[in-house]
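The values are calculated or read from the model by the stated rules, or taken from the named source; none is laboratory data. Note that the structure is a prediction, hence the values are computed from the model and not measured. In this analysis, Cβ positions are derived from the backbone assuming ideal geometry, glycine residues included, and neighbour counts consider all displayed protein chains. Ligands, DNA and RNA are excluded from the accessible area calculation, which covers all protein heavy atoms including side chains. Shrake-Rupley method; radii C 1.70, N 1.55, O 1.52, S 1.80 Å.
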Amino acid sequence: MFPDASDRITMSLDAHVRCTCIRDGKAKPHPFPDRLTFDETGEPVLTGDPSDDDWDAHDDWLGESCEHGGYLLALPLGNITRVQRLRAFLRGLEGKPGPRFPLLLTRVLYDGTHTGDWLASDKSADLLKEVETVLHSRDILAESEKEFFENMKQLCEASIETGNPIMF
Ligand SMILES: [Zn+2]
């Protein structure tokens, strides 16, 4: 889906981390268990040239597959304006020598509307370090900035706990 320019103005950045119920065998039975697999992001998908009806049945199942509806955590990160402000704020905090925020700047805040991309779970510990560096200076953060970094912290922790990526 490619939103047009007028949509983008109100669009915002969200992130989520999947739970592990399906992988752990704790989810409700899948309608076609033989064809259920996981893609590189840990997303449950169907193999074997599924029809639209097959996907509908799969999607219905996914939404009710466990008490989490498939997601351990889903959090808003902010709209375009907030993302731009956060990017400028982090660039201001960076120094030589001094803190650097490569994952926050290039994988999270590089754009206020990126969706469909993801950060692999083996990067989550490094991202958490960047987030905690900023939270150490929480006194200088505005409320909305604090909310962003606290949400990022929860997402990193959920990703580390589940081994699933942070998806945008
Ligand atoms: Zn679950």
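What the table below lists for this structure:
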quantity	calculated
Average projection area in nm² (convex hull over Cα atoms of the chain, one quarter of hull surface)	11.3
Selection of GluC sites (Glu not before Pro), the range 130-166, meeting DSSP coil and at most 16 other Cβ within 10 Å	none
Accessible area per residue, Å², the chain with all protein chains present, probe 1.4 Å	56
Residue among 60, 122, 49 with the largest mean-square fluctuation in a Gaussian network model of the chain, springs linking Cα atoms under 10 Å	49
Potential lengthening between residue 23 and residue 113 on full extension [0.36 nm per residue; Cα-Cα distance subtracted]	29.4 nm
Pairwise FRET efficiency - residue 120 versus residue 49, Cβ, R0 = 25 Å, nearest 0.05	0.35
Dipole magnitude (debye, nearest 20) for the chain, charges at Cβ of Lys, Arg, Asp, Glu	1100
Additional length obtainable on full extension of the chain from residue 93 to residue 74, 0.36 nm per residue less Cα span	4.1 nm
Scaled radius of gyration (Cα, divided by 2.2 N^0.38 Å) that the range 74-167 gives	1.01
Cα shape, the range 77-116, gyration tensor, a/c 1.5 rule	oblate
Using alpha carbons only: equivalent-ellipsoid semi-axes of the range 100-147, gyration tensor based, whole Å	20, 14, 8
Ranking by accessible area, most exposed first, for 118, 61 with a 1.4 Å probe	118, 61
Residues residue 140 and residue 38, FRET efficiency given R0 of 41 Å [Cβ-Cβ distance, rounded to 0.05]	0.50
Accessible-area ranking of 114, 68, largest first, probe 1.4 Å	68, 114
Carbon/sulfur fraction of accessible area - the chain, other protein chains in place, 1.4 Å, %	50
